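Here the structure is laid out as structure tokens; the discussion comes afterwards.
Just so you know, all these numbers are worked out from the coordinates, no wet-lab data involved. Fair warning: this is a prediction, and the values are worked out from it, not measured in the lab. Counting neighbours? That spans all protein chains shown, and the Cβs are built from the backbone with ideal geometry, glycine included.
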Amino acid sequence: MNKLNYQKAVFLLSIANLSQLPPDEGIEVAIVGRSNSGKSSVLNQLTQNKGLARVSKTPGRTQLINLFALDQNHRLADLPGYGYAKVPPSVKKNWQALLDGYLRSRECLRGLILVMDIRHPLKEFDRLMLEWCHQCDLSVHILLNKCDKMTQSAASKTLREVKKALTKYTNEMSVQIFSAMKGKGVKELRGQMDNWFME
Ligand code: GDP
């Protein structure tokens, strides 16, 4: 199969509950991150298309799963992420049910890209995501984003610490340093996604 062209991603639909998902066919890769982790900037870098992340940031759509098609069989799912503690209980409950249901039931979901701010890795939200993925035996690739905010040696140290924290999980987990602002790590990210999409 030819390499996927992430720049060809087009908005498909936004869903508020699982029954609205398109047929469980082909392959999906999902992306999630706490608010302000830089998830939208990562999407911009990956697709070179500012319109995609703009869709996801449209008021009313931030709590939904936003799906983008790369071609007929390959989709990106932009999952709602929260600064977990600040969310009102009713929203938290809906969010949890949607995310939990999606991660557990979506057969075509091949892997999850989890975006973290490298200065604040493995927050409660991130640990919850990792636990869910562990329970579902879903592969995770972590981006330690905003690495331009620290020295290379500090970034490498954080990378080592996060890798160490992941050893307790038995599902496939990988982690890399990233900067959506500088475009650092994009090739590695595309490589991981190509692996998932094209195996
Ligand atoms: P989201 O809420 O997770 O979608 O995050 P955004 O993509 O909107 O980014 C939140 C803030 O972090 C914005 O001010 C971005 O410009 C900034 N940001 C995102 N990625 C990077 C990065 O790699 N480096 C730096 N320095 N800032 C970043």
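Over region 96-150, how many percent of alpha carbon pairs lie in each 5 Å bin up to the one with the longest distance?
4, 18, 29, 21, 14, 8, 4, 1
With the Cα gyration tensor of region 1-81 in hand, convert its eigenvalues to equivalent ellipsoid semi-axes via √(5λ) and list them largest first in whole Å.
19, 17, 10
Only counting other Cβ atoms within 10 Å, I'd like 82, 6, 169 sorted with the fewest neighbours first.
169, 82, 6
Using a Förster distance of 22 angstrom, determine the FRET efficiency expected from the C-beta separation of residue 100 and residue 163, and round it to 0.05.
0.25
Give the peptides 136-148, 174-186 in descending order of average Cβ contacts within 10 Å, highest first.
Answer by packing, highest mean first, reads 136-148, 174-186.
Based on the Cβ-Cβ distance of residue 135 and residue 3, what FRET efficiency does E = 1/(1 + (r/R0)^6) give at R0 = 41 Å, to the nearest 0.05?
0.80
Would you mind getting me the FRET efficiency between residue 72 and residue 16? Use the beta-carbon distance for r and R0 = 25 Å, nearest 0.05.
My answer for the efficiency is 0.55.
Tell me, what is the Rg over Rh of the chain, with Rh the Kirkwood radius over Cα pairs?
Ratio value, two decimals: 0.93.
Sort 188, 25, 199 so the one with the fewest other Cβ atoms within 10 Å of its own Cβ comes first.
199, 25, 188
Take every DSSP beta bridge whose two residues both sit in the chain, then give the antiparallel share in percent to the nearest 5.
Just about 30 percent of them are antiparallel.
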